[in-house]
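Enquirer: Dumping the structure here so I can ask a few things about it.
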Amino acid sequence: MEEHSNQYAEAAVPQTMQETGAEERDPESIALHQPLLLKRNRTLSSTPLAMVGAKVSHIESLDYEINENDLFMHDWRSRTKVQVLQYVFLKWILAFLVGLLTGIIATLINLATENIAGYKLLAAVSFIEKERYLMGFIFIAGVNLLLTASASVLCVCFAPTAAGPGIPEIKAYLNGVDTPNMFGATIMIVKIFGSIGAVSAGLDLGKEGPLVHIGSCIASLLGQGGPDNYRIKWGWLRYFNNDCDQRDIITCGAASGVCAAFRAPVGGVLFALEEVATWWRSALLWRTFFSTAIVVVVLRAFIQICNSGECGLFGKGGLIMFDVSTVTVTYHAWDIIPVAVIGIIGGVWGSMYNYLLDKILRLYSLINQKGKVHKLLLSLTVSLFTSACLYGLPFLVECTPCNSSLSESVCPTNEGSGNYKKFNCPDGHYNDLATLLLATNDDAVRNIFSTNTSAEYRPLSLLIFFVLYCILGLFTLGIAVPSGLFLPIILMGSAYGRLLGIAMQSYTSIDQGLFAVLGAASLMAGSMRMTISLCVIFLELTNNLLLLPITMIVLLISKTVGDSFNPSIYEIILHLKGLPFLEAHPEPWMRNLTVGELADAKPPVVTLRGIEKVDRIVEVLRNTTHNGFPVVEEVVPPMGLAVGATEVHGLILRAHLVQVLKKKWFLREKRRTEEWEVREKFTSVELAEREAKIEEVAVTRDEMEMYVDLHPLTNRTPYTVMEGMSVAKAMVLFRQVGLRHLLIVPKYEASGVPPLVGILTRQDLIAYNILNAFPHLTKSAGREKGN
């Protein structure tokens, strides 16, 4: 865990949570010194769906900072030009493999979902054509229940963290939070097959979020050489056995996942930059773009194969692509009014959707914590309700006569994709609501986005579709299956966008299909609060650059309106999961507090000396769970300095201390070691390992009296700040550099003044924790928020 990372007060949680917390305390409370303040639970729900009131597990941070000890410096100096070129070349090879594998897996998922859902719907329609309506419902509900049960059982029994979208956890990981059990092989396999089952079952969710998670899992597995139990120990992989390079490759995986979902390479790169990545640089930009380019090439190759009819029903569907390049997009100055209106609606409803989803996820958390059976029953209940609505609601609307300009092969039809589903209508008529509901999710998007179809959908059908998908979108996300947020929000937004287009068709020349596109964009910006990446994704989806100006206006308005009410949906989920995510901008009231004052509210620092006794190291490791310990040592006093004065030599990590004990690198006398001695005993690969635990190490009584020279393994250049620095400035430094520890040194050197004031970690910089430690700041924060 973090070094002295205090959680300043207990979270306001249900009584069940408080009872659980009494038994499952934050392990950092077991310290050498009793903490001065209560600790808020620094936890992540073991179920990614039920955040509040669920069983919890403790979270650590990642070591993005380069540990410049003697061993690292020697390893770096001894690298030849060939090894440096090999390191760079392997980065590009990994980026290529991430794109290739993500594209292949995304294609297989699309093939499976399109064919399973397509043949399921065709079989249900065959019952309807024979007027066996009850059998049609029993069939479609039974198949959907079976598919949902398979996806839910996989998540509940084998990989609970595979449920949900996965994007909030990836965002937290790239922010520096070691989200547990998120990138393993089991997680990836469950995510793949769970997504196929959940999407094929007709649930109101998409495969976009799961594809981002799958891409990140692929990247993580490639970077570390495979699963933990079967990791490849190739020498060249040692270059990537660190959190910093893992962060870069997972960023490529997240971008590749978005690209695979929308066939939007530039949009995928911008999504990684705008939404998930905390740390960015130009070299990473190029590798990420290279990965997404490989994804697009793979998808295009498979699409050409499938267009020949060798992929079942996948030929005309499977990937969202709304091509309006042949449509003439015309708009005038007065069209800014309906565009602004749709942006305002998207911001208001997006923030309302986030608020309601927050409440429902909290309710689901109480259900999910009751056990696996309750999670499974909740998923099956939502599936049955969804099947009843999708199958039954089209019977409530009247049939619409086909346009005389359309051929009989186009309207009506019950075969595969199409805009005019016959359903239960007589010849020459179609059911517009069935066209939207009894279709695969990708086909539903294409149908509602269709242009030059101003009379195809009735307002009542669009209203029913909008209300239904609002309800399903709220109640589907929290169940125990892999789920994505993009597609439900696109369908909701396109419905009210098309309704607004119908209402304003006499005042504007913008096509109703384009209104649907703008509605989807507005709701995504209003809920997810993304702008640039969404703009490019929609341009790549629609394949028409003329939409750029009005799309930009809609996104800017929606995000501005939504930000005035509540955070984005991903930030809400991060908060519910208890992930200590550092925001990009510190709170204004953080300027009124210094890091020295923050350190004073913490227990005294646990330090080690440069040459330390083994029993002291064992005592510290067994009685604390801190991740890093400052190393201080006495200095020869110059003129004017008191005898016994100390200085900070650096910071040593817990994992390195465990390695010292495990390797029995002990000295019988108190002396400093030579550089060759440490190189003979340790390698940089061994020091990169983080799995060893103090409980696995046995130390004899005689060894307890020996000494360890910590100088060669100590990071001699940790980041330090003066005690007078504001918390706001420290938070910016902490986030942008990707730190795990920040040492605070005194402003003045004087006799009797310790060389170290304290240490800050991620938990110390979370606004909630600070406000609980310093209640007098609460009023100031409230006034600033009100202003």
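Enquirer: Out of all the residues in the range 504-518, is one or more under 27 Å from the mean Cα position of the chain (by Cα) and under 30 Å from Val190 (Cα atoms)?
Expert: no
Enquirer: Okay, moving on. Collect the residues in the range 173-187 that are more than 19 Å from Gly478 (Cα to Cα) and in a helix (DSSP H, G or I), keeping them in residue-number order.
Expert: Hits for the range 173-187 are Tyr173, Leu174, Asn175, Ala185, Thr186.
Enquirer: For the range 102-119, how many residues are buried (at least 19 other Cβ atoms within 10 Å of the Cβ) and more than 32 Å from the chain's Cα centre (by Cα)?
Expert: Adding up the residues that qualify gives 0.
One line per residue, one yes/no per condition, for (1) among the charged types (D, E, K, R); (2) open to solvent by 20 Å² or more (accessible area, probe 1.4 Å); (3) at pLDDT below 85:
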residue: Leu378; (1), (2), (3): no, yes, no
residue: Leu384; (1), (2), (3): no, yes, no
residue: Gly392; (1), (2), (3): no, yes, no
residue: Leu396; (1), (2), (3): no, yes, no
residue: Cys402; (1), (2), (3): no, yes, yes
residue: Val410; (1), (2), (3): no, yes, yes
residue: Tyr420; (1), (2), (3): no, yes, yes
residue: Cys425; (1), (2), (3): no, no, yes
residue: Asn431; (1), (2), (3): no, no, no
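Enquirer: Going residue by residue through the range 550-562, is there one that turns out to be without any contact (Cβ under 8 Å) to a residue 24 or more places away in the chain and either more than 30 Å from Thr179 (Cβ to Cβ) or open to solvent by less than 40 Å² (accessible area, probe 1.4 Å) (or both)?
Expert: Yes; the residues of the range 550-562 include at least one that is without any contact (Cβ under 8 Å) to a residue 24 or more places away in the chain and either more than 30 Å from Thr179 (Cβ to Cβ) or open to solvent by less than 40 Å² (accessible area, probe 1.4 Å) (or both).
Enquirer: Same structure again: Show me the helices (runs of 4 or more DSSP H) entirely contained within the range 544-612 in which 2 or more residues are under 28 Å from Phe734 (Cβ atoms) and touching a Pro at 6+ places or on another chain (Cβ under 6 Å).
Expert: Correct list: 569-577.
Enquirer: Let me ask you something else. Of everything in the range 662-687, what is among the hydroxyl-bearing types (Ser, Thr, Tyr) and closer than 15 Å to Met706 by Cβ? Give them in sequence order.
Expert: Thr673
Enquirer: So, in the range 72-101, of the ones that are polar (S, T, N, Q) and more than 30 Å from Pro265 (Cβ to Cβ), which residue ends up surrounded by the most Cβ atoms within 10 Å (Cβ to Cβ)?
Expert: Gln83
Enquirer: Looking at the range 167-187, which of its residues are more than 16 Å from Arg247 (Cα to Cα) and either crowded, with 24+ Cβ neighbours inside 10 Å or in contact with a His (Cβ under 9 Å, 6 or more places away or on another chain) (or both)?
Expert: Ile187
Enquirer: Output yes when any residue across the range 664-677 is at positive phi, part of a loop (DSSP other than H, G, I, E, B) and touching a residue at least 12 places away in the same chain (Cβ under 8 Å), and no when none is.
Expert: yes
Enquirer: Consider Trp286 carefully, then state whether it is over 30 Å from Leu122 (Cα atoms), assigned to a helix (DSSP H, G or I) and at pLDDT 90 or above.
Expert: yes
Enquirer: Among (1) at pLDDT 90 or above; (2) in contact with a helix residue (DSSP H, G or I) (Cβ under 6 Å, 6 or more places away or on another chain), which single condition is Pro160 missing?
Expert: For Pro160, the exception is condition (2).
Enquirer: Exactly one condition in (1) small (Gly, Ala, Ser); (2) more than 29 Å from Ala260 (Cβ to Cβ); (3) touching a residue at least 12 places away in the same chain (Cβ under 8 Å) is false for Ala495; which is it?
Expert: (2)
Enquirer: So, one more: Given the structure, is Tyr707 farther than 27 Å from Thr278 by Cα and hydroxyl-bearing (Ser, Thr, Tyr)?
Expert: Here the answer is yes, as Tyr707 does meet what is asked.
Enquirer: Another question about this same structure. Are any residues in the range 76-93 part of a helix (DSSP H, G or I) and over 17 Å from Asn242 (Cβ atoms), and if so, which ones?
Expert: Arg77, Lys81, Val82, Leu85, Phe89, Trp92, Ile93 - these are the residues of the range 76-93 that are part of a helix (DSSP H, G or I) and over 17 Å from Asn242 (Cβ atoms).
Enquirer: What are the pairs, 6+ residues apart or on separate chains, where a residue within the range 132-148 that is of a type in the set (Ser, Thr, Tyr) has its Cβ under 9 Å from a residue that is part of a helix (DSSP H, G or I) and surrounded by fewer than 18 Cβ atoms within 10 Å (Cβ to Cβ)?
Expert: Hits for this filter: Tyr133/Phe127; Tyr133/Phe395; Thr148/Leu380; Thr148/Leu384.
Enquirer: From Ile305, Ile218, Ile249, Ile294, grab the single residue that is assigned to a helix (DSSP H, G or I) and either open to solvent by 50 Å² or more (accessible area, probe 1.4 Å) or in contact with a strand residue (DSSP E or B) (Cβ under 6 Å, 6 or more places away or on another chain) (or both).
Expert: Ile305 is the lone residue from the list that is assigned to a helix (DSSP H, G or I) and either open to solvent by 50 Å² or more (accessible area, probe 1.4 Å) or in contact with a strand residue (DSSP E or B) (Cβ under 6 Å, 6 or more places away or on another chain) (or both).
Enquirer: Do we have any residue at all in the range 510-526 that's under 15 Å from Gly267 (Cα atoms) and surrounded by fewer than 21 Cβ atoms within 10 Å (Cβ to Cβ)?
Expert: There is no residue in the range 510-526 that is under 15 Å from Gly267 (Cα atoms) and surrounded by fewer than 21 Cβ atoms within 10 Å (Cβ to Cβ).
Enquirer: Identify all residues within the range 705-719 that are open to solvent by 50 Å² or more (accessible area, probe 1.4 Å) and under 30 Å from the mean Cα position of the chain (by Cα); write none if there are none.
Expert: Scanning the range 705-719 gives a single hit, Tyr719.
The values are calculated or read from the model by the stated rules, or taken from the named source; none is laboratory data. Model, not experiment: these values are computed from the prediction. Glycine also receives a Cβ, built like all others from the backbone with ideal geometry; neighbour counts cover every protein chain displayed. Just so you know, the surface numbers come from the protein's heavy atoms only, side chains and all, with ligands and any DNA or RNA stripped out. Shrake-Rupley method; radii C 1.70, N 1.55, O 1.52, S 1.80 Å.
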